[in-house]
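Here the structure is laid out as structure tokens; the discussion comes afterwards.
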Amino acid sequence: MGLDVRAGSHRDVDRCVDLWTRIIAARDGASVAPAARRSIEVAFTRPVVRFAVVGGHEPRAFALTLVKDGRIALLSRLCVDPTAASRGIGTALVTDAVDHARAAGFSRIDLDVRETNARAIALYGRAGFVAVSEPWTYDRGDLMVTLSLGLAGED
Ligand SMILES: CC(C)(COP(=O)(O)OP(=O)(O)OC[C@H]1O[C@@H](n2cnc3c(N)ncnc32)[C@H](O)[C@@H]1OP(=O)(O)O)[C@@H](O)C(=O)NCCC(=O)NCCS
């Protein structure tokens, strides 16, 4: 599988929801709650800045970047099939999300990550994201941290 990042289409959505559900279940060692699956389905109905996919008919990785508020973008979901991990795909998808949000005129891009997700936090740090919040509690009880990357020159 190459590292080509392509625009996702409506035909990719169900497979990406399935991929995300599988990856998160494997990561957490537990099945994904119906409410969590519903939340990613809802995410795909929100205004999109960039939906990017790696892989052909069966996506192996994707990133979904949404409009958070006004000129602020939100990297809402990022996941890479574990069989394709550590090849730079996550990094390529973050770079793609940042490039698209910047080109669309957003002033910054935010994301929320579990504070225990060290690999993801290191990847975001290499891309220039910095923590802008104290740890906060997500409704399932996870401790989260908000990271942000300024996109406008003056930020
Ligand atoms: C976190 C996640 C997105 C990382 O994706 P990934 O494709 O493995 O990330 P990358 O390959 O870009 O970078 C990760 C590693 O590969 C290394 N790497 C980057 N580019 C590389 C390349 N071209 N060749 C070899 N290794 C490379 C990095 O140094 C890094 O090292 P590490 O394995 O010690 O962490 C993925 O593990 C995932 O989907 N996790 C589950 C979902 C999740 O937690 N999402 C984030 C929630 S906010």
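Each reported figure results from applying straightforward, stated rules to the coordinates on display, with no laboratory input. Note that the structure is a prediction, hence the values are computed from the model and not measured. Note that each Cβ is placed from the backbone with ideal geometry, even for glycine, and that neighbours are counted across all protein chains shown.
One quarter of the convex hull surface built on the alpha carbon atoms of the chain amounts to 8.9 nm², the projected area averaged over directions. Once backbone amide H atoms are built at 1.01 Å from N, SER76 has LEU64, THR65, LEU66 as its partners under 5 Å, excluding neighbours fewer than 5 places away on the same chain. Sparsely packed loop sites in the range 15-76 (the trypsin sites (Lys or Arg not before Pro) outside DSSP H, G, I, E and B with at most 14 other Cβ atoms within 10 Å) comprise ARG71. In order along the range 104-111, phi translates into HN-Hα couplings of 7, x, 6, 7, 7, 10, 10, 7 Hz, rounded to whole numbers, per the Karplus curve 6.51 cos²θ - 1.76 cosθ + 1.60 with θ = phi - 60° and x for Gly and Pro.
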